Amino acid sequence: MSGRAFSHFHGWTVAPAVAWFVHSIGFGMNRRDFVGGIAIAAALAGVAAAPAAADGRRVALVIGNGGYRSVPALSNPPSDASDIAAALKRLGFAVTLITNANFDEMRRGLIAFGRAAAGADMAAVYFAGHGMEINGDNWLIPVDAELKRDTDAANEAIGLQSAMLQVSNTTSLGLVILDACRNNPFAAKMSRSLATRATAGSGLGRIEPVGNVLVAYAARDGTTALDGDERNSPFAAALLRNIETPGVEVTFMFRNVRDDVMEATRNAQQPFVYGSLSRKAIYLAGPPAADAGGKQANAVPAAAAPLASVPATTAGVIDPALVGTWEIMVPGGRGQSRWIWQIMADGSYRFHAEPSRSARAHEGTVTFANGRWTLHALRGLRNYSDGGSYEIHDATAVITGKLGTGYWKRTVD
């Protein structure tokens, strides 16, 4: 999504200072405020002060746990890990591969990896095996874990938070990929000693990464993933098909993986990515080739760049669940502002902000159907259009545009 409209859609989960700063570029900012805006955005959003070198270090830790000792073995994780490790090596990562790792091997592997990842351009952790959520904490399970009680997880498993921390000190991208949402036999046999506040549920729990970290689940929070009958799980197979495709920005790559998995599983399994990045395009397999005009296909336009002309369109199809009023709260130089979207059943929309000085009001047409959306501004913003995917969860809509994923909150009309 372009700089101005991107801030509307993603002001919650993209660092709010960045959303405010990007929006301000489009609506008049003097030079002193412009410089100050850069400083605020960098400080609050964790944006690196200087861009990473194109030939920066890439490191990865790949773990595939299948040979569990206390529960039935999983057939695919070791081969999944081996194949993903090979792909990452071809992408220039220095890879450490561990299969059927016990607790101490996972712990020592993460410590060594974290030291190597500090200051790297990119750092990635891939884990295939069992994972579970207990009382809001997510755990990656070593092969020697017994987990007879819920309280044993802290001493027998590795916290997802630990893996996220190890990739958080990169200059470009920290990535954690988990094919660890399988139906977990540990949960069924576990004694819940803290039953009033701790439960072991299906799949992994929702997370909110910060900074330049993305976390990809093979199946969205609270759901389980398939191990598969082939050499690779459906998620690993889709990842292998897409991860080495050149010219595809990393967030778009995971969207392709999502669609491939949903097609392969007949919509039984939906991968999900958590976290948001800045507008800087990040490529695992290299940027797209320049076309004859010297522009890159799939490149993210600069916030100040003129937008391409968009012809007027008729009103679009609207998912009834999206009809209504949605909002985000965005901090700015003069305090918080409330940005409101009104989606009408006839396929039109209106946007305004409170106070009005924080963002320009505009309106146009939208479509929301079958998980995809498009938008065309007809008044208030010149020549703006965008599109992406969406999901609805009660009073929250998960909206993915050209630059990332964010959240709308439904309000009372």
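Numbers below:
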| item | result |
| --- | --- |
| Amide hydrogen neighbours beyond the local backbone of T411, cut-off 5 Å, H modeled | T325, W326, E327 |
| Length gained when the stretch L240-R350 is fully extended (0.36 nm per residue, less Cα-Cα span) | 35.5 nm |
| Cubic angstrom per residue, convex hull over Cα atoms of region 201-294 | 109 Å³ |
| Rounded FRET efficiency, nearest 0.05, which uses the C-beta distance separating E230 from T396 and R0 of 41 Å | 0.70 |
| Accessible surface of L284 - all protein chains present, 1.4 Å probe, nearest 10 Å² | 10 Å² |
| Exposure of E230 as accessible area (Å², to 10), given a probe of 1.4 Å and all protein chains | 140 Å² |
| Sequence-distant residues sharing a close amide H with I318 (under 5 Å, placed H) | F368 |
| Solvent-accessible surface (1.4 angstrom probe) belonging to Y407, in square angstrom, nearest 10 | 20 Å² |
| Counting DSSP beta bridges with both ends in region 108-263, the antiparallel % (nearest 5) | 35 percent |
| Surface accessible to a 1.4 Å probe, per residue, for the residues of region 62-158, Å² | 37 Å² |
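The values are calculated or read from the model by the stated rules, or taken from the named source; none is laboratory data. Model, not experiment: these values are computed from the prediction. In this analysis, Cβ positions are derived from the backbone assuming ideal geometry, glycine residues included, and neighbour counts consider all displayed protein chains. Quick note on the areas: whole protein, heavy atoms, side chains included, nothing else; ligands and nucleic acids left out. Shrake-Rupley method; radii C 1.70, N 1.55, O 1.52, S 1.80 Å.
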